[in-house]
Amino acid sequence: MKHLLGIEGMQPEEIVTVLDTADAMLEISQREIKRVPTLRGRTVINVFLEPSTRTRVSFEIAAKRLSADAVNVSAAGSSLAKAETLADMVQNLAAMNADVLIVRDRTAGVPRMLAERVHVPVINAGDGQHEHPTQALLDAFTVRQSLGSLEGRVVAIIGDIAHSRVARSDIYAFTKLGAEVRVAAPATMMPPGIELLGVKPCESMAEALAGADVIVMLRIQQERLDGPLFPGVREYARTFGLTQEKLTLASPDAIVLHPGPLNRGVEIATEVADAEPSRILDQVTNGVAVRMAVLYLVTGAE
Amino acid sequence: MSVPSSPSNSSTAPRSVSRVASAREAGRVILEAAGIRRATRRMAHEILERNPAPESIALVAIVRGGVPVADMLAQALSEIAGRDVPQGALDVTLYRDDVIGHGMRPIPHKTRMPFSVTGKRVVLVEDVVFTGRTVRAAMDAVIDFGRPEAIQVATLVDRGHRELPIRVDFVGKNIPTSRAEKVVLRQAPSGEYEVVVV
């Protein structure tokens, strides 16, 4: 694996390789000394040009648990503030003999553009509304951990499908691993032609949830809360929020995922987020193991 | 992107990682099931002679070839000493010198260490010891889990050709081999284990 730019370009067996590797990585975080020497002497640079706590810290911890040196760059305080282009900045970072670049940017395609310009593995940590591949890998890992396999499972993805890079990457990952994927969203948040990705658009949340094994609730992005896409928070919570009552429509063993950060009482009710079917904190734990697996695989010699 | 190559395909890989052969290759049987049982039972006696306090002993199998050998040793120890010894399974992939230094990317297996190694006399268990590189990696890995009172090595087969100053403490059988040969512990169709030279 040279880069991780998106799930779209991955073969199913490559996804399985990452998940199998993450299975072994998970145990390292449970040790008293949470560190293996595998990436000793390697330098991992986290270039996060969009706000993030979970993903940035998760990558940093993953790098450190493999004994790599991790360096963080954010937009504020970087030379981007001096109008250096992103490509120039990243070429300079690569010239310091970085071994991996992890990139988050608000613009789709930036990680791919950078991967074409530097001779260093690039990992996409979320680019605009395009993809968030490590989130999809950790979601698939969490489903496999809870349900054994994705083959034939029914996955309902609910929320702002149109603007969500998590939804896009999840759709690619889940369908490649053999799941049946349904999506439900307010009409203004349902992209036209979504069925071309091999998913079933549903008219209502109830239709998507009927008998589902996995429910992925997407975060409603704060900046859209009062925008023109929906009439209001309470209306959204009523029609597309996951409540205890709506959960009963799904399979009795259904699990609930959410990429975080949570808008409690909007897309997910507190009693659902904190109850048994929720795997939200497992996703965070698993995210470190999955990112360790990705760092391990991209640093391999060709 | 490509799926990483398997460690057993590389001539530089430590030879005893992932060695429970599943493919039926033609091979010369050098230790059959009864011989393996006798050898592990004798090794169990030797382990107890060297470590008179059985409560201090812990068996740590090196994944994957060492796992069935450790199971047999554990059973023999339990019968002889009248008590069970704690058992762990260590995957050393992330400690291998060809992984750390040279970028090989075999898929690691799970490690299971359900007890503290601190103060224990840890017996590392292998099926075949060859270059010694896997044992070196395993010692580093064990020490990451704590400070054992001692580390010893038990192997069903020692085939020589060390590349590091590693010796084994308990040997089922010394087998002279050429470097080009492969020695594997595998399950015969009957379910019994056998050691073959391929």
Enumerate the pairs (first residue in segment A:11-24 and within 7 Å of chain B (Cβ to nearest Cβ); second residue anywhere and open to solvent by less than 50 Å² (accessible area, probe 1.4 Å) and outside any helix (DSSP H, G or I)) with beta-carbon separation below 6 Å, excluding pairs fewer than 6 apart on the same chain, so at least 6 apart or on different chains. A:24/B:108
Among the numbered conditions (1) open to solvent by less than 40 Å² (accessible area, probe 1.4 Å); (2) within 21 Å of the chain's Cα centre (by Cα); (3) modelled with pLDDT under 95, tell me where residue A:242 comes up short. (3)
Residues of segment A:102-157 that turn out to be within 18 Å of residue A:88 (Cβ to Cβ), open to solvent by less than 40 Å² (accessible area, probe 1.4 Å) and not in a strand (DSSP E or B), as a count: 7
Filtering segment B:98-108 down to residues that are more than 17 Å from residue A:67 (Cα to Cα) and either more than 7 Å from chain A (Cβ to nearest Cβ) or surrounded by fewer than 20 Cβ atoms within 10 Å (Cβ to Cβ) (or both) yields B:106
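Every residue, every condition in (1) farther than 20 Å from residue A:47 by Cβ; (2) touching a strand residue (DSSP E or B) at 6+ places or on another chain (Cβ under 7 Å); (3) in the same structural domain as residue A:69 (by TED's automatic domain parsing), yes or no:
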site: A:104; (1), (2), (3): no, yes, yes
site: A:144; (1), (2), (3): yes, no, no
site: A:151; (1), (2), (3): yes, no, no
site: A:168; (1), (2), (3): yes, yes, no
Please go through segment A:248-273 and pick out each residue that is among the aliphatic types (A, V, I, L, M), open to solvent by 20 Å² or more (accessible area, probe 1.4 Å) and farther than 14 Å from residue A:220 by Cα. A:249
Considering only helices (runs of 4 or more DSSP H) fully contained in segment A:240-302, which possess at least 2 residues that are closer than 26 Å to residue A:35 by Cα and away from chain B (no Cβ under 14 Å)? A:280-298
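Matching residues to (1) open to solvent by 50 Å² or more (accessible area, probe 1.4 Å); (2) more than 14 Å from chain A (Cβ to nearest Cβ); (3) aliphatic (A, V, I, L, M):
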position	(1), (2), (3)
B:85	no, yes, yes
B:89	no, no, yes
B:92	no, no, yes
B:118	yes, no, no
B:138	no, no, yes
B:143	yes, no, yes
B:177	no, yes, no
B:180	yes, yes, yes
B:189	yes, yes, no
Looking at the structure I just gave you, is residue A:34 within 17 Å of residue A:288 (Cβ to Cβ) and either over 16 Å from the mean Cα position of the chain (by Cα) or among the β-branched types (Val, Ile, Thr) (or both)? yes
If residue A:281 satisfies all but one of (1) within 16 Å of residue A:184 (Cβ to Cβ); (2) out of contact with any helix residue (DSSP H, G or I) (no Cβ under 7 Å at 6 or more places or on another chain); (3) hydrophobic (A, V, I, L, M, F, W, C), what's the number of the condition it fails? (1)
Residues (part of a loop (DSSP other than H, G, I, E, B) and crowded, with 22+ Cβ neighbours inside 10 Å) located in segment A:11-57: A:36, A:38, A:39
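The values are calculated or read from the model by the stated rules, or taken from the named source; none is laboratory data. Predicted model, so just to flag it, every value in this text is computed and none were measured. FYI the Cβ positions are ideal-geometry reconstructions off the backbone, even for glycines, and counts take in every protein chain you see. Protein only, heavy atoms only, side chains kept; ligands, DNA and RNA dropped before computing areas. Shrake-Rupley method; radii C 1.70, N 1.55, O 1.52, S 1.80 Å.
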